[in-house]
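The values are calculated or read from the model by the stated rules, or taken from the named source; none is laboratory data. Treat the numbers as computed from the prediction; the structure is a model and nothing was measured. Cβ atoms come from the backbone with ideal geometry, glycine included; neighbour counts cover every protein chain shown.
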Amino acid sequence: MPDLLNPVSTSIKRGRQIHCSAPFCSWQIAWDRSYTYMVRDGIPFVLIPLVLAIVPLVFGYWPVSIGFVALAAFMAFFFRDPNRTVPRDPDLVLAPADGLITLVARGEDGLSSESLVSIFLSPLDVHVNRSPIGGEITDITYTSGKFLMATSARARLLNEQNTLTIRGDGLTVKCTQIAGILARRIVCWKQAGEKVECGERFGMIKFGSRTDLLMPANVEIMVREGMRVRGGETIIGKVKR
């Protein structure tokens, strides 16, 4: 029987790398005839409140137990990992995360500038990050920093973050996981040199965060500020050949 609690992956917490639970799903739950999974990182966050709910229940303090059960339910919801239908067009760049687009900065063709799309993840969004393109992870750079509001313009420069450079077929993008006020743990399940499929899970950020996507200027941006997107499914841009 596989060990559900101790598979190997890499996570980053407050400026140091540690080993933690694996990326992929452990619990399968049928919701609306589709399947939603829960990331294994969430198992302790669900089990601990459930165990704590037993003690007050034994002594008759059932309202306290209800609070712990509600917390466990929220954690199961937060760590959900739904299946996604990934478009297979190699010229597409997909959303690396669920959330609200807070910034679209377009680069200029023919220059060395790049386009930037920022996605804010609230605590109610799915927090699993997915690769925007298929290719090879050529570099992973972790930078320690502050925990400013993720929507702040300074967050990209000052906050704790982890950047994956992914080189695809004639296209290289940078996907940056950025911590926020509540997000204190960036998790990355991949290593430099590994190959990823478009839409493949590569990590998550816990409890509210931001994901930035940096693309060449020859990628036509197909989203706008204020839109909501779904990781591994919503088309962010298309390469202009």
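Quick notes on this one:
The rows are residues; the columns are (1) at pLDDT below 90; (2) more than 27 Å from residue 178 (Cα to Cα); (3) among the aromatic types (Phe, Trp, Tyr).
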| position | (1), (2), (3) |
| --- | --- |
| 39 | yes, no, no |
| 55 | yes, yes, no |
| 73 | no, no, no |
| 87 | no, no, no |
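- Meets criteria (in the same structural domain as residue 105 (by TED's automatic domain parsing), crowded, with 21+ Cβ neighbours inside 10 Å and in a loop (DSSP other than H, G, I, E, B)) for residue 226: no
- Top-ranked residue of segment 177-191 - restricted to ones that are under 23 Å from residue 117 (Cβ atoms) and in a loop (DSSP other than H, G, I, E, B), ranked as modelled with the lowest pLDDT: 183
- Failed condition for residue 159, given (1) touching a helix residue (DSSP H, G or I) at 6+ places or on another chain (Cβ under 9 Å); (2) under 11 Å from residue 210 (Cβ atoms); (3) not hydroxyl-bearing (Ser, Thr, Tyr): (1)
- Exactly one residue out of 140, 205 is modelled with pLDDT of 90 or more and of a type in the set (Val, Ile, Thr), and it is 140.
- Residue count for segment 166-179, restricted to those that are surrounded by 24 or more Cβ atoms within 10 Å (Cβ to Cβ) and within 14 Å of the chain's Cα centre (by Cα): 4
- Scan of segment 115-161 for residues that are of a type in the set (Ser, Thr, Tyr), more than 23 Å from residue 222 (Cβ to Cβ) and not in a loop (DSSP other than H, G, I, E, B), ordered by number: 138, 141, 142, 143
- Test: residue 48 is at pLDDT 90 or above, more than 27 Å from residue 191 (Cβ to Cβ) and surrounded by fewer than 19 Cβ atoms within 10 Å (Cβ to Cβ): yes
- Scanning segment 141-200 for residues that are touching a Phe, Trp or Tyr at 6+ places or on another chain (Cβ under 7 Å) and of a type in the set (D, E, K, R) yields 160, 184, 190.
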